[in-house]
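K.L.:
Handing you a structure now.
The values are calculated or read from the model by the stated rules, or taken from the named source; none is laboratory data. Just so it is clear, the model here is predicted, and its values are computed rather than measured. Cβ sites come from the backbone with ideal geometry, for glycine too, and all protein chains shown count toward neighbours. All accessible areas refer to the heavy atoms of the entire protein, side chains included, with ligands and DNA or RNA removed. Shrake-Rupley method; radii C 1.70, N 1.55, O 1.52, S 1.80 Å.
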Amino acid sequence: MNVQVFIEFLLYVGNVLFLLFVVVPYYWLKSLYHILNPSQPKSVKGEIVLITGTGHGIGKELALMYAANGATVVGWDINESNNEETMRHLKSLGFSLVYAYKCDVSNRKDVLEVAKKVLRDVGEVTILINNAGIMPTHSFLDHTPEEIDRIIRINVFAHFWTLEAFLPAMKKNNHGHVVCLSSMAGLLGLNNLVPYCASKYAVRGLMEGLEEEFRRIPNNRVHFTTICPFMVDTGLCKRPDIRFQYFNKVLKQSDVAKEIFKAQVTNQRLVKLPPEIGIIFTLIPFWPREALYYFRDTFTTELLSDLY
Ligand SMILES: NC(=O)c1ccc[n+]([C@@H]2O[C@H](COP(=O)([O-])OP(=O)(O)OC[C@H]3O[C@@H](n4cnc5c(N)ncnc54)[C@H](O)[C@@H]3O)[C@@H](O)[C@H]2O)c1
Ligand SMILES: *[C@@H]1O[C@H](CO)[C@@H](O)[C@H](O)[C@H]1NC(C)=O
């Protein structure tokens with residue numbers, strides 16, 4: 001072994017030991033400290049939040065959550081009447097800074113055009129919540145190619161187009177936040193949800209990559225939050241099959257919106273909902289595969305096919 005290789009060897013081993021026995025424990029303690037002494041949440045007053053899919057479900061609840069906390073809310077949906085209804089409801093509650101736009105988020109041209117209108121009518125978007133999504137549920141070979149294409153365009157490509165429209169201003173102003181709805185199906189492959197899982201893993205990767213790029217910018221103040229919920233009672237999950245329904249409760253959309261809001265204003269990176277099930281999902285990669293099969297077969301939490 002020549003001297004140079006020996007020095008590299010020492011540096012390598014030294015850094016590995018330093019990482020494992022100093023850096024990791026130090027930051028574990030630090031995160032424990034932050035859990036016990038949470039920092040002041042950000043205010044969203046005066047922020048312009050753009051939420052996709054505000055016509056129904058989680059997006060609709062998020063619109064209410066942000067309006068109630070003083071943000072200007074811009075809601076996009078492909079379903080114009082539902083979206084108008086959401087904004088009428090918010091106005092009837094006394095929130096006047098709310099705007100509805102019809103937009104098909106899977107269509108790049110539509111996204112860029114409507115984004116221009118938003119800039120003109122409302123201003124620069126400072127919080128982007130990519131929430132709109134679809135979830136056809138059946139076995140992989142029952143998915144049509146058109147359906148697979150739609151899933152990827154709405155659940156994945158839409159994120160690229162909205163980021164193209166709104167991220168440059170956030171970067172320029174060094175101020176902004178992007179939130180994305182992944183899913184527990186973005187952490188574990190699931191029966192009857194193959195293309196959906198692929199789409200939810202994809203956006204998790206997209207967000208991790210973005211976070212890593214922005215982390216390198218000195219004093220970066222653009223944040224990224226990925227949300228991975230268990231089943232929510234919006235009707236998106238058409239035929240849930242849950243064995244222990246008291247423990248593995250389908251989440252309430254209003255609770256999910258509250259948790260998403262909390263995660264955003266405290267700059268969380270990845271949030272699994274509910275936290276109890278989230279802990280299991282965090283541990284699963286360390287389990288032997290057969291233990292995972294036992295877990296799945298015993299604590300059934302499945303979606304049955306929506307075709308039969
Ligand atoms: N409901 C659940 O169990 C659950 C669980 C985990 C993750 N999620 C994710 O949360 C997000 C919201 O789900 P939800 O349950 O509120 O759904 P939802 O069906 O209740 O609402 C989705 C909204 O998005 C809109 N939308 C659909 N395609 C669109 C398009 N091309 N352009 C613009 N708008 C479009 C719909 O019109 C609808 O108003 C989705 O991304 C979903 O994958 C949901
Ligand atoms: C919008 O949603 C409502 C109810 O969910 C539905 O009746 C209506 O057909 C939808 N409109 C469009 C254009 O998809």
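K.L.:
Would you call residue 297 open to solvent by 80 Å² or more (accessible area, probe 1.4 Å) and in a helix (DSSP H, G or I)?
P.N.:
Details: open to solvent by 80 Å² or more (accessible area, probe 1.4 Å): yes; in a helix (DSSP H, G or I): yes.
Yes: the conditions hold for residue 297.
K.L.:
Considering only region 193-209, I want to know if a residue exists there that is within 18 Å of residue 169 (Cβ to Cβ), open to solvent by 10 Å² or more (accessible area, probe 1.4 Å) and more than 16 Å from ligand 1 (Cβ to nearest atom).
P.N.:
Keep residues of region 193-209 that are within 18 Å of residue 169 (Cβ to Cβ), which gives none.
Within region 193-209 (the criterion being within 18 Å of residue 169 (Cβ to Cβ), open to solvent by 10 Å² or more (accessible area, probe 1.4 Å) and more than 16 Å from ligand 1 (Cβ to nearest atom)), the answer is no, since none of the residues qualifies.
K.L.:
Could you please let me know if residue 153 is basic (Lys, Arg), within 12 Å of ligand 1 (Cβ to nearest atom), within 18 Å of the chain's Cα centre (by Cα) and more than 22 Å from residue 280 (Cβ to Cβ)? Even if it seems obvious, please write down each step before you answer.
P.N.:
Details: basic (Lys, Arg): yes; within 12 Å of ligand 1 (Cβ to nearest atom): yes; within 18 Å of the chain's Cα centre (by Cα): yes; more than 22 Å from residue 280 (Cβ to Cβ): yes.
So residue 153 fits the description; yes.
K.L.:
Based on what the data block shows, is residue 67 hydrophobic (A, V, I, L, M, F, W, C) and more than 15 Å from ligand 1 (Cβ to nearest atom)? Lay out the reasoning, then the answer.
P.N.:
Numbers: hydrophobic (A, V, I, L, M, F, W, C): yes; more than 15 Å from ligand 1 (Cβ to nearest atom): yes.
Against the criterion (hydrophobic (A, V, I, L, M, F, W, C) and more than 15 Å from ligand 1 (Cβ to nearest atom)), residue 67 qualifies.
K.L.:
Which ones in region 149-189 are touching a strand residue (DSSP E or B) at 6+ places or on another chain (Cβ under 8 Å), under 14 Å from residue 206 (Cα atoms) and in a helix (DSSP H, G or I)?
P.N.:
158, 159, 162, 163, 167, 186 - these are the residues of region 149-189 that are touching a strand residue (DSSP E or B) at 6+ places or on another chain (Cβ under 8 Å), under 14 Å from residue 206 (Cα atoms) and in a helix (DSSP H, G or I).
K.L.:
Oh, and also: Tell me yes or no: at least one residue of region 91-103 is without any contact (Cβ under 8 Å) to a residue 60 or more places away in the chain, charged (D, E, K, R) and out of contact with any strand residue (DSSP E or B) (no Cβ under 9 Å at 6 or more places or on another chain). It would help to see each step written out before you state the result.
P.N.:
Applying the first criterion (without any contact (Cβ under 8 Å) to a residue 60 or more places away in the chain) to region 91-103 yields 91-103.
Checking which are charged (D, E, K, R) leaves us with 91, 102.
Okay, now just the ones that are also out of contact with any strand residue (DSSP E or B) (no Cβ under 9 Å at 6 or more places or on another chain), so none.
Among the residues of region 91-103, not one is without any contact (Cβ under 8 Å) to a residue 60 or more places away in the chain, charged (D, E, K, R) and out of contact with any strand residue (DSSP E or B) (no Cβ under 9 Å at 6 or more places or on another chain), which makes the answer no.
K.L.:
From 51, 35, 78, 7, which residue is touching an Asp or Glu at 6+ places or on another chain (Cβ under 8 Å) and either open to solvent by less than 80 Å² (accessible area, probe 1.4 Å) or not basic (Lys, Arg) (or both)? Break it down into steps so the answer makes sense when it comes.
P.N.:
Numbers: 51 fails: touching an Asp or Glu at 6+ places or on another chain (Cβ under 8 Å); 35 fails: touching an Asp or Glu at 6+ places or on another chain (Cβ under 8 Å); 7 fails: touching an Asp or Glu at 6+ places or on another chain (Cβ under 8 Å).
78 is the lone residue from the list that is touching an Asp or Glu at 6+ places or on another chain (Cβ under 8 Å) and either open to solvent by less than 80 Å² (accessible area, probe 1.4 Å) or not basic (Lys, Arg) (or both).
K.L.:
Going through 225, 234, 282 one at a time, which residue ends up being closer than 17 Å to residue 182 by Cα and within 12 Å of ligand 1 (Cβ to nearest atom)?
P.N.:
Values: 225 fails: within 12 Å of ligand 1 (Cβ to nearest atom); 282 fails: within 12 Å of ligand 1 (Cβ to nearest atom).
So the residue among 225, 234, 282 that is closer than 17 Å to residue 182 by Cα and within 12 Å of ligand 1 (Cβ to nearest atom) is 234.
K.L.:
Do we find a residue being open to solvent by 60 Å² or more (accessible area, probe 1.4 Å) and not in a loop (DSSP other than H, G, I, E, B) anywhere in region 260-272?
P.N.:
Let us first name the residues in region 260-272 that are open to solvent by 60 Å² or more (accessible area, probe 1.4 Å), namely 262, 267-269.
The next check asks that each one be not in a loop (DSSP other than H, G, I, E, B); those that pass are 262.
Within region 260-272, one or more residues are open to solvent by 60 Å² or more (accessible area, probe 1.4 Å) and not in a loop (DSSP other than H, G, I, E, B).
K.L.:
Checking residue 58 against (1) more than 7 Å from ligand 1 (Cβ to nearest atom); (2) of a type in the set (A, V, I, L, M); (3) surrounded by 19 or more Cβ atoms within 10 Å (Cβ to Cβ): exactly one of these is not met. Which one?
P.N.:
Of everything listed in (1) more than 7 Å from ligand 1 (Cβ to nearest atom); (2) of a type in the set (A, V, I, L, M); (3) surrounded by 19 or more Cβ atoms within 10 Å (Cβ to Cβ), residue 58 misses just condition (1).
K.L.:
Additional query: Please work out which residue is most open to solvent (accessible area, probe 1.4 Å), limiting yourself to region 10-32 and to residues that are within 30 Å of residue 126 (Cβ to Cβ) and of a type outside the set (Phe, Trp, Tyr). So that I can check it myself, show each step before the final result.
P.N.:
Initially, region 10-32 is screened for residues within 30 Å of residue 126 (Cβ to Cβ), giving 27, 30-31.
Adding the requirement that they be of a type outside the set (Phe, Trp, Tyr) leaves 30-31.
Values: 30: 86, 31: 53 Å².
Only one residue fits best here, namely 30.
K.L.:
Applying the selection to region 165-192, what residues are surrounded by fewer than 22 Cβ atoms within 10 Å (Cβ to Cβ) and aliphatic (A, V, I, L, M)?
P.N.:
165, 167, 169, 184, 187, 188, 190
K.L.:
Do we find that residue 246 is free of Cβ contacts under 8 Å to residues at least 12 places away in the same chain and of a type in the set (Phe, Trp, Tyr) in this structure? Before the answer, list the steps.
P.N.:
Numbers: free of Cβ contacts under 8 Å to residues at least 12 places away in the same chain: yes; of a type in the set (Phe, Trp, Tyr): yes.
Yes, satisfied.
K.L.:
A further question follows. Report yes if residue 111 is part of a helix (DSSP H, G or I), open to solvent by less than 40 Å² (accessible area, probe 1.4 Å) and over 19 Å from residue 184 (Cβ atoms), otherwise no.
P.N.:
Details: part of a helix (DSSP H, G or I): yes; open to solvent by less than 40 Å² (accessible area, probe 1.4 Å): yes; over 19 Å from residue 184 (Cβ atoms): yes.
Against the criterion (part of a helix (DSSP H, G or I), open to solvent by less than 40 Å² (accessible area, probe 1.4 Å) and over 19 Å from residue 184 (Cβ atoms)), residue 111 qualifies.
K.L.:
Still on this structure, please answer the following. How many residues are surrounded by fewer than 24 Cβ atoms within 10 Å (Cβ to Cβ) and within 11 Å of ligand 2 (Cβ to nearest atom) if we restrict to region 81-93?
P.N.:
4
K.L.:
Of all residues being within 30 Å of residue 45 (Cβ to Cβ) and part of a helix (DSSP H, G or I) in region 117-148, which is farthest from ligand 1 (Cβ to nearest atom)? Just the residue, please. Spell out how you get there, then give the answer.
P.N.:
From region 117-148, those within 30 Å of residue 45 (Cβ to Cβ) are 117-133; that's our starting set.
From what's left, part of a helix (DSSP H, G or I): 117-121.
Details: 117: 15, 118: 14, 119: 19, 120: 20, 121: 18 Å.
If we take residues in region 117-148 being within 30 Å of residue 45 (Cβ to Cβ) and part of a helix (DSSP H, G or I), then 120 is farthest from ligand 1 (Cβ to nearest atom).
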